[in-house]
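Chemist: After the structure tokens below, expect a handful of questions from me.
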Amino acid sequence: SVWKYVETESSGHTISGNASATVIQLNSAANFKPLDKVYTSAGKFIGEIDSTAVTVGSISSSVITSTSHGLSNTNKVIFSTNTHTNRIVPLVPGLTYYVRDATTHTFKLAHTSGGTAITFSANGSGTRKFYRYDKIDVTSTPNTITLKANAYKLDDDYYTGLAYRQKD
């Protein structure tokens, strides 16, 4: 197998959980954003920050249609797509955008809160999603968040220690 070095930085938070379970918890969402990859202090990838996804239905000029998306004006979202050809131009996967002009089934995006709506030059196709900052999956335990199921089994089946995030 090939190992790829990933530059990380401490989030200032701790991780705890059982690796055979489907979740590992962080003690706070601060310094994390949806889809951030989380690592142990030894550099082992253990999952991604989970968040409610809004799937794109259609796009016209600057208007995105997504049935009952649940977004409100000024919500922060991160754009994600599974391939380069599915990209909505000029949006960049992984960057944060702000919702404006939201209705039940449509919304527009801006680079800043309350800013000018972005006009799209290519609509992309296939799977295009936005992940919501305000809907990071919070567990029933106060001040903890849940990671998506961990990708690799941890060495000792249990981990407690510092949490690191991939450096931007």
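The values are calculated or read from the model by the stated rules, or taken from the named source; none is laboratory data. A quick note: this is a predicted structure, and the numbers were derived from the prediction, not measured. Counting neighbours? That spans all protein chains shown, and the Cβs are built from the backbone with ideal geometry, glycine included. Please note that ligands, DNA and RNA were not included when accessible areas were found on the heavy atoms of the full protein model with its side chains. Shrake-Rupley method; radii C 1.70, N 1.55, O 1.52, S 1.80 Å.
Chemist: Here are the criteria: (1) open to solvent by 60 Å² or more (accessible area, probe 1.4 Å); (2) at pLDDT 75 or above; (3) outside any strand (DSSP E or B). Tell me which single one Asp134 does not satisfy.
Modeler: (3)
Chemist: Would you confirm, using the coordinates I've provided, whether Lys108 is of a type in the set (Lys, Arg), in contact (Cβ under 8 Å) with a residue 60 or more places away in the chain and open to solvent by less than 70 Å² (accessible area, probe 1.4 Å)?
Modeler: No, not satisfied.
Chemist: Against the condition surrounded by fewer than 18 Cβ atoms within 10 Å (Cβ to Cβ) and either of a type in the set (D, E, K, R) or closer than 26 Å to Ala30 by Cβ (or both), how does Gly47 come out, does it pass? I'd like the intermediate steps shown before the answer.
Modeler: Details: surrounded by fewer than 18 Cβ atoms within 10 Å (Cβ to Cβ): no; either of a type in the set (D, E, K, R) or closer than 26 Å to Ala30 by Cβ (or both): yes.
Judged against the criteria, Gly47 is not a match.
Chemist: Also, quick follow-up: Of the residues Thr74, Thr67, which is within 25 Å of Asp168 (Cα to Cα) and open to solvent by 60 Å² or more (accessible area, probe 1.4 Å)? First the steps, then the outcome.
Modeler: Working: Thr67 fails: within 25 Å of Asp168 (Cα to Cα).
Just one listed residue meets the conditions, Thr74.
Chemist: Here is a follow-up. How many residues does region 85-106 hold that are assigned to a strand (DSSP E or B) and more than 13 Å from Ser61 (Cβ to Cβ)? Walk me through it before giving the result.
Modeler: So in region 85-106, the residues assigned to a strand (DSSP E or B) come out as 89, 96-100, 106.
Narrowing the set further to residues that are more than 13 Å from Ser61 (Cβ to Cβ) leaves 96-100.
Residues that pass the stated criteria total 5.
Chemist: Restricted to region 81-92, and to residues that are surrounded by 15 or more Cβ atoms within 10 Å (Cβ to Cβ) and modelled with pLDDT of 85 or more, which residue is nearest to Asn123 (Cα to Cα)?
Modeler: Filtering region 81-92 for residues surrounded by 15 or more Cβ atoms within 10 Å (Cβ to Cβ) gives 81, 86-88, 91.
Now narrow it down to the ones that are modelled with pLDDT of 85 or more: 88, 91.
Numbers: Ile88: 5, Leu91: 10 Å.
Taking the candidates together, the pick is Ile88.
Chemist: State the number of residues belonging to region 38-56 that are at negative phi and in a strand (DSSP E or B). I'd like the intermediate steps shown before the answer.
Modeler: So the first thing to find is which residues in region 38-56 are at negative phi, and the list is 38-42, 44-46, 48-56.
Subset that is in a strand (DSSP E or B): 38-39, 45-46, 48-49, 51-55.
Qualifying residue count, region 38-56: 11.
Chemist: For Val38, only one of the following conditions fails: (1) of a type in the set (Val, Ile, Thr); (2) closer than 18 Å to Ser125 by Cβ; (3) buried (at least 21 other Cβ atoms within 10 Å of the Cβ). What is its number?
Modeler: So the condition that Val38 fails would be (2).
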